[in-house]
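The values are calculated or read from the model by the stated rules, or taken from the named source; none is laboratory data. The model shown is predicted, which means the values in this text are computed figures rather than measured ones. Every residue, glycine among them, receives a Cβ derived from its backbone with ideal geometry; neighbour counts consider all protein chains shown. Only protein heavy atoms, including side chains, enter the accessible area calculation; ligands, DNA and RNA are left aside. Shrake-Rupley method; radii C 1.70, N 1.55, O 1.52, S 1.80 Å.
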Amino acid sequence: DAGITQSPRHKVTETGTPVTLRCHQTENHRYMYWYRQDPGHGLRLIHYSYGVKDTDKGEVSDGYSVSRSKTEDFLLTLESATSSQTSVYFCAIRRQILSYGYTFGSGTRLTVV
Amino acid sequence: AQKVTQAQTEISVVEKEDVTLDCVYETRDTTYYLFWYKQPPSGELVFLIRRNSFDEQNEISGRYSWNFQKSTSSFNFTITASQVVDSAVYFCALSPSIIQGAQKLVFGQGTRLTINP
């Protein structure tokens, strides 16, 4: 297990409020990702990081920002939550070389009312 | 651009039947990785298999088997003698195989498999 922890696991928030989701890893992996899961769409990439303070946009980045001030933490922020951002959010790390692959956190279920 | 298509949105079978989940992919990369993940009702994503595009051998793991055909860009997943515990959403995914760089995993839409007792 990559030791990935997502917090909170569940959150209900009101439209227009800021929300920050946290992904914490304990194995010093360089690459981290944020995905959202919606019915009929599978998982879609929001943002990813390739190192401390190095981030880039994914497929569905509008309305989201990220930060990575430490290797172990990758934060996803919804600056002003909208109902369309109601989703399940997954964080992932990418393993290198010999054990190449992706390991996912347990997910955060976010509801925007 | 990379794309993964799982045309079967939902499949429902009776326990002990065999079932095949289809996965078709598009990529311009000459080398790439294909994955299958299982998402049980509890919601976590469970890694099942990784296949390098160089390796076209089929793989069997217990009741699970995978058929990789580069000629048709398909990576299908078969469960033999299905069980109720196999009920889950299954995702096929694709990534470039170049180790350097933030290689992003692209998912299909998922197939919801229900095994009825």
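Using +1 on the beta carbon of Lys and Arg, -1 on that of Asp and Glu, and nothing else charged, what's the dipole of the stretch B:15-117 about the Cα centre, debye to 20? Can you show the working numbers first?
Working: 9 positive and 11 negative charges, 46 e Å.
Around 220 debye, computed over the stretch B:15-117.
Ordering B:GLY43, B:TYR32, B:TYR64 by the projection of their Cα atoms onto the charge dipole of chain B, which places +1 on the Cβ of Lys and Arg and -1 on the Cβ of Asp and Glu, puts B:TYR32 at the extreme positive end. Modelled spin-label separation between A:ASN28 and B:THR31, with each label point placed 7 Å from Cα along the Cα-to-Cβ direction: 2.6 nm. Of the residues A:VAL19, A:VAL66, A:SER84, the one whose Cα sits farthest toward the positive end of the charge dipole of the stretch A:1-96, with +1 on the Cβ of Lys and Arg and -1 on the Cβ of Asp and Glu, is A:VAL66.
For the pairing of chain A with chain B, what total accessible surface becomes buried, with a 1.4 angstrom probe, in square angstrom to the nearest 100?
Values: alone 6120 and 6610 Å², together 10990 Å².
The A and B chains share an interface burying roughly 1700 Å².
Taking a point 7 Å from the Cα of B:SER74 along the Cα-to-Cβ direction, the residues of the stretch B:31-50 with backbone N closer than 18 Å to it are B:34-36.
Could you tally the net charge around B:ALA81, taking each other residue with its Cβ under 11 Å from the Cβ of B:ALA81, Lys/Arg +1 and Asp/Glu -1? Could the numbers behind the result be given before it?
Working: positive: B:LYS16, B:ARG63; negative: B:GLU15, B:GLU17, B:ASP18, B:ASP86.
Residues close to B:ALA81 contribute a combined charge of -2.
Not counting the cut sites, what is the longest span of chain B without trypsin sites (Lys or Arg not before Pro) that DSSP labels loop and that have at most 15 other Cβ atoms within 10 Å? Don't skip to the answer; put the middle values down first.
Details: sites that count: B:LYS16, B:ARG28, B:ARG63.
Maximal segment without exposed cleavage sites: B:64-117.
When the GluC sites (Glu not before Pro) in the stretch A:1-98 are filtered for DSSP coil states and for at most 10 other beta-carbon atoms within 10 Å of their beta-carbon, the remaining sites are A:GLU14.
Both the radius of gyration and Dmax for chain B are 14.1, 46 Å, in that order, over alpha-carbon atoms. Across the stretch B:1-45, the residues whose backbone nitrogen lies under 12 Å from the label position 7 Å along the beta-carbon direction of B:ARG63 are B:14-19. Values of log10 I(q)/I(0) for the stretch B:57-117 across q = 0.28, 0.29 Å⁻¹ run -1.22, -1.24, by the Debye formula with one identical scatterer at each alpha carbon and no solvent. Once you have a ≥ b ≥ c as the square roots of the Cα gyration tensor eigenvalues for chain A, tell me rounded if a/c is under 1.5, and otherwise prolate or oblate according to whether a/b is larger than b/c. Judged from the Cα gyration tensor, chain A comes out prolate (a/c at least 1.5, a/b above b/c). Size estimate for the protein assembly as shown follows the Kirkwood approach: the inverse of mean 1/r over distinct Cα pairs works out to 18.3 Å. State the Cα centre-to-centre distance between the stretch A:37-112 and the stretch B:52-89 in whole Å. Centre-to-centre distance over Cα atoms comes out at 28 Å. With K and R counted +1 and D and E -1, the other residues having a Cβ less than 13 Å from that of B:ARG51 yield a net charge of -1. Among residues other than A:ARG44 with Cβ under 9 Å from its Cβ, the summed charge is -1 (Lys and Arg +1, Asp and Glu -1). Relative to the Cα centre, the charge distribution of chain A, modelled as +1 at Lys and Arg Cβ and -1 at Asp and Glu Cβ, gives a dipole magnitude of about 160 debye. By the rule of a C-alpha distance below 20 Å, with chain neighbours fewer than 8 residues away ignored, the aspartates and glutamates paired with A:LYS11 are A:ASP38, A:ASP73, A:GLU79, B:GLU44.
Here the stretch B:45-70 is scanned for amide nitrogen atoms under 16 Å from the site 7 Å beyond the Cα of B:GLN83 along Cα-to-Cβ, giving B:61-65.
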